[in-house]
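Values in this text are rule-based calculations from the coordinates and carry no lab data. Only a predicted model underlies this, so the values are computations on that prediction, with no experimental measurement involved. So basically every Cβ, Gly included, is an ideal-geometry build from the backbone, and we count neighbours across all protein chains shown.
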Amino acid sequence: MFVSTTQAAHLMGVSVRRIRQLLSGGRIRGAFKAGKFWMIPLVEGMPLVSKGTRGPQASWRRRKPSPVTIIHVNQQTIRQNQKQEKPAPVISVKRGKENRYGHEVEITGPCRVVYRRDNPKPCGARVWIETLFGVEVYTQNLQ
């Protein structure tokens, strides 16, 4: 997954200017420019910064990661909706302890689809979508 300079600065707990200094010095591994914007790869959730030649050892303040948002489509509810007049929401959006239901979901950033045949979620889901970015949940107003 790639992030921008602003997102990398937020993850590392430094200023955007410091990220740009590291980029201009070629110290962030795998970063490249796409047009006017820097694309910074994440390794285990953080940009990989090579060691500098001067000064003390770098100790980035790793912020407490925000909980991953997990989006799951409930097949059982889809089957039940075939028999009902008013369809129930089939999409479940879980973030931390919060759980929201809806008919549509809009993800406002990068995400990934995960398939774990042998390690399902507690709800039984074997396929789900994960993202660290904002998610808008919409429900239909059917009458």
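At-a-glance table
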read-out: ³J(HN,Hα), Karplus 6.51/-1.76/1.60, whole Hz, each residue of the stretch 30-46, x for Gly, Pro; value: x, 6, 8, 9, 10, x, 9, 10, 8, 10, 10, x, 9, 10, 6, x, 9
read-out: Largest-first principal axis extents of the Cα set of the chain (Å); value: 69, 34, 24
read-out: Compactness relative to 2.2 N^0.38 Å, alpha carbon Rg of the stretch 2-41; value: 1.00
read-out: Residue-by-residue Karplus 3J(HN,Hα) for the stretch 68-81, coefficients 6.51, -1.76, 1.60, Hz, glycine and proline x; value: 5, 8, 10, 10, 10, 9, 8, 5, 5, 5, 4, 5, 5, 5
read-out: Length gained when the stretch Arg17-Ala88 is fully extended (0.36 nm per residue, less Cα-Cα span); value: 20.8 nm
read-out: Ordering of 122-128, 38-44 by packing [mean C-beta count within 10 Å, highest first]; value: 38-44, 122-128
read-out: Lys/Arg +1, Asp/Glu -1 at C-beta; the chain dipole; positive extreme among Met1, Ile19, Val113; value: Ile19
read-out: Global geometry of the stretch 69-138, whether rounded, prolate or oblate, following the gyration tensor of its Cα atoms and the 1.5 cut on a/c; value: oblate
read-out: Packing-based exposure ordering (other Cβ within 10 Å, fewest first) of Ser4, Ser92, Ser50; value: Ser50, Ser4, Ser92
read-out: Difference of contour (0.36 nm per residue) and Cα-Cα distance, Thr6 to Gln76; value: 21.1 nm
